[in-house]
1. So which pairs qualify, if the first residue must be in region 318-340 and closer than 17 Å to D286 by Cβ, the second must be assigned to a strand (DSSP E or B) and among the aromatic types (F, W, Y), the Cβ gap must be under 6 Å, and the two must be at least 6 apart or on different chains?
2. Would you mind listing the helices (runs of 4 or more DSSP H) fully within region 151-257 where at least 1 residues are of a type in the set (K, R) and either surrounded by 15 or more Cβ atoms within 10 Å (Cβ to Cβ) or modelled with pLDDT under 90 (or both)?
3. What is the residue count in region 287-343 for residues that are part of a loop (DSSP other than H, G, I, E, B) and among the aliphatic types (A, V, I, L, M)?
4. Name every residue in region 81-97 that is among the hydrophobic types (A, V, I, L, M, F, W, C) and more than 32 Å from the chain's Cα centre (by Cα), in order of residue number.
5. Which fully enclosed helices (runs of 4 or more DSSP H) of region 530-639 have 3 or more residues being over 22 Å from L458 (Cα atoms) and either in contact with a helix residue (DSSP H, G or I) (Cβ under 9 Å, 6 or more places away or on another chain) or at pLDDT below 90 (or both)?
6. Read through the list (1) touching a residue at least 40 places away in the same chain (Cβ under 8 Å); (2) not in a loop (DSSP other than H, G, I, E, B), then give the number of the only condition that D36 fails.
7. Could you tell me whether Q360 is of a type in the set (S, T, N, Q), surrounded by fewer than 19 Cβ atoms within 10 Å (Cβ to Cβ), in contact with a strand residue (DSSP E or B) (Cβ under 9 Å, 6 or more places away or on another chain) and outside the structural domain of I33 (by TED's automatic domain parsing)?
8. Which one of the conditions (1) surrounded by 14 or more Cβ atoms within 10 Å (Cβ to Cβ); (2) part of a helix (DSSP H, G or I); (3) hydroxyl-bearing (S, T, Y) does S284 fail to meet, given that it meets all the rest?
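The values are calculated or read from the model by the stated rules, or taken from the named source; none is laboratory data. Please read all numbers here as calculations on a predicted model, not as lab measurements. When we count neighbours, we look across all protein chains shown, and the Cβ atoms used for this are built from the backbone with ideal geometry, even at glycine.
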Amino acid sequence: MKVDIDDLLKYSRQLTLLYVEDNEDAREMTAMILEDFFDTVITASDGQEGLKAFESEKIDIVITDINMPKMDGLELCAKIREIDQEIPLIILSAHNEDNYFIESIQIGVNGYLLKPIDIDRLTELLYRVIQKFKYSIEAKEHLHLLKIYQEATNQSSIVSKTDPKGIITFVNDAFCEISGYRREELIGKPHNIVRHPDNPKSIFEEMWRTIKEEKRIWKGIVRNRAKNGKSYWVDSLIMPIVDIHGEIQEYISLRHDVTDIMNPAKQLADAVKHLHSPILVYISLDDFEMLEEFYDNTTIENLQTACAKLFHTEFAKAYDFDKIYTIGNGEFALLLDKNLYFKDEESFLNQLRTIQNNLQGEQVTLEDTTYDVSILLSVVYEGEKILESARLGIKDMRKKKRTFMTANRLATQRQESAKKNMQTLALIKNAIKEQRIVSYFQPIIDNKTRQPVKYESLVRLIDESGNILSPYLFLEASKRSHYYSQISRIVLEHSFEKLSHIHEGISINLSAIDIEHKGTKETIFHLLEQYQSFADRITFELLEDENIRDFELIKEFISRVKSYGVTIAIDDFGSGYSNFERLLDYQPDILKIDGSLIRNIDQSDYSLSVVKSIVTFANEQGIRTIAEFIENEKIFKITRDLGIDCSQGYYFGKPLPSITL
C-alpha cells in the first residue's frame, strides 16, 4: 500500500493521540515515533490512567498495549467503546495469539500492531484509520460550500450548456465575465477552451463516465484558465438532460467561483502536484510571532494582504507566475516553471537572493501602522515532497538564524533521519542492557616532563558485531531519551572505579544536561562520598552549551564539588559559546583550548594569536591550560613554547580501553 505521507500528516497533526503503555522504555521510544505523526501525544502508564485521561481530555485516537497492571488494554478499549463507538482504537502488543485477535474484533478495535514496531506498517495503519477524519472534515467543508453555493445561486451562477458532444451552445454573462471571452468566442467551441492544462485527466474521465455512461450528476472543483492566462477555480455541477427515452439531449452546467474562498494551502498543494517541473519559493515573515503580539487580527490580515501585493510586484519584475499564495501565519509562496527559469542554478539562486535583499527593509504602511519587511526564503526545485521540504527549510532557518536556504529533499532526509534515530535508540538500549557501554582513556601529558598527569574518560559503544563506536554516532540521539542519563551514570562509575588502580587523575566530561538532571547529580555526589579519598584527582570538564537553563544551578554545583577537592575545567575553550564572562561565573581551574585552534596553529596566524591571548589571560588568573589535538612534534613545541601546561592528542596517545602505566 502506497501511503501519501503529506496527506497523512496534514490530518494526523490536527489530532490528539492517547498512548497507553506500562513499560517506560517502550513508552518513551514509541512516543518519540508517534510525535512525528501527531502534534499532541498524551501518555499513560496503565489502563486506569489511560481511561482517566480519555474521560478528561479530548482524544481523537487511542493506541494501547495489552498486558498492563490495574487494567489491561483490551478492558480499556471495551470501556472506551462504551463511551465512544466511533473513536479509532489500535492495539500494540508483543503477543500474536488468536484469543487476543478475537477479543479485539469483538470490542471493535480498528487495528493491531505487533512489537517491535514496523514503521511502514505503522504508517499504513495510521493512514487507513485517519482517512475517516479526512472524509469527515472534507464532508463538512463540502456541506459548508454547498450551502454557500445554494445562496449564491439565488443571486447568480456561471451557467453554460453543451450538446451531447460537449460543444458549447449557451453561456450566460457571468461565464463571459469570469472567463474574459466574448459570447461569440465561446459558442461552438469545446469546453476545454477554458480548461487549465494542469488539471489531471482523471477528473474529466470520471466526469464523462458519470454524466454520459451513468447519466448522473457530476460535482467537482475544476481549475480553469481565463483568456488572459490567469487561473480561477469553479465548483461545478454538471447534469445530463435526458428525454423520455433516456437519451441525452444536452448537458447543463452550474458553476460558482470559489477562487477566493478556496483554502490557499490546498490551492498551492494542488498546483504543486500538477506542475510538471515546479520551483517552489516559500516566503515567511521573519518576525511574525512578534507582530501577532502587538497587533489585532484585522491588522494582521491587512498586513499580510499588503505584503502579498508587495511580494507579487517585486517577484513579477523577474518572473511570470500565476499568483502569490497567502498561506497564513505570515507565510507565502509562489510557483515557477523550472523549464523557463532554471537554465543555470547559481544564477537563478543569486537572482532570488537579490530579490530578497531588495525586499528587506521595504515598508508596508497601513493607516497608522508602518512595518519594515524582513523575510526568510526557502526554495525547493528537486525531489519529492517539495512543499513539506520548503516548510522544514523555514523551520531550520529560524533555528540556525539564517535567511535563505535551498531545501531540496529535506522532508525525505528528515524521514530517513527519524528511522535512523529509532535504530540508534534500539542500539543504545541493547548496549546498556548487555553492558556494552565502555570507557576509553586518553592521556593528558605535562609539557615539561612529557609524562601523563591525568587521563580523560571517553565513552564508547560496542555494537553487536564488536565494532567500537565513537560518541559522535550515538550520544546526540541518546539526549532525546532517558538513555543519556544512564550512559552518564555508567561513565561516571567506570571513571571513579579507575582511580583505585592508578596514581594519576581522571578527567570526566559533564554537560549542562548532566548537572540539571537530578539522578545524574545524585550519582556524582554519591561517588564523591564513596571515593572521597581520591576526589582530589577528579576533574570535571564542563561542556559549554547554549541551552543552559539555570546558570545559578551550575555555579552551585561547581562550588559543591570543589569542596571535595574536585577541579573544574572548561572544555573546548576558544570557540563555540566560549566567553570570558562565563569564566567569572565558573571560576575554573583549567582551560582546555579547543582543538580547532590547535590543529592548524603552525599555519594560522589567527589561531596563534587567539591561543596567545587565552594563555596570557589564564596565566594572569592562575588557570592551568591544556591544548587538545596535539598531532605532531611541531605543534607540541609551539604550544609548549607558548606556555601551555599540558597536551592531549594522538601524538601522545590514542584513547584506549585500559590505562598503560
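1. T326/F332; A333/Y282; A333/Y325
2. Numbers: elements: 173-179, 183-186, 201-208.
The helices (runs of 4 or more DSSP H) meeting that bar are 201-208.
3. Step one: list which residues in region 287-343 are part of a loop (DSSP other than H, G, I, E, B), which gives 287, 295-296, 316-324, 329-330, 342-343.
From what's left, among the aliphatic types (A, V, I, L, M): 316, 318, 324.
Of the residues in region 287-343, 3 are part of a loop (DSSP other than H, G, I, E, B) and among the aliphatic types (A, V, I, L, M).
4. If we filter region 81-97 for residues that are among the hydrophobic types (A, V, I, L, M, F, W, C), which is where we start, we get 83, 87, 89-92, 94.
I83 - this is the single residue of region 81-97 that is among the hydrophobic types (A, V, I, L, M, F, W, C) and more than 32 Å from the chain's Cα centre (by Cα).
5. Numbers: elements: 551-562, 580-586, 595-598, 605-621.
Qualifying helices (runs of 4 or more DSSP H): 551-562, 580-586, 605-621.
6. Single failed check for D36: (2).
7. Values: of a type in the set (S, T, N, Q): yes; surrounded by fewer than 19 Cβ atoms within 10 Å (Cβ to Cβ): yes; in contact with a strand residue (DSSP E or B) (Cβ under 9 Å, 6 or more places away or on another chain): yes; outside the structural domain of I33 (by TED's automatic domain parsing): yes.
When the stated conditions are applied, Q360 passes them.
8. Among (1) surrounded by 14 or more Cβ atoms within 10 Å (Cβ to Cβ); (2) part of a helix (DSSP H, G or I); (3) hydroxyl-bearing (S, T, Y), S284 violates only (2).
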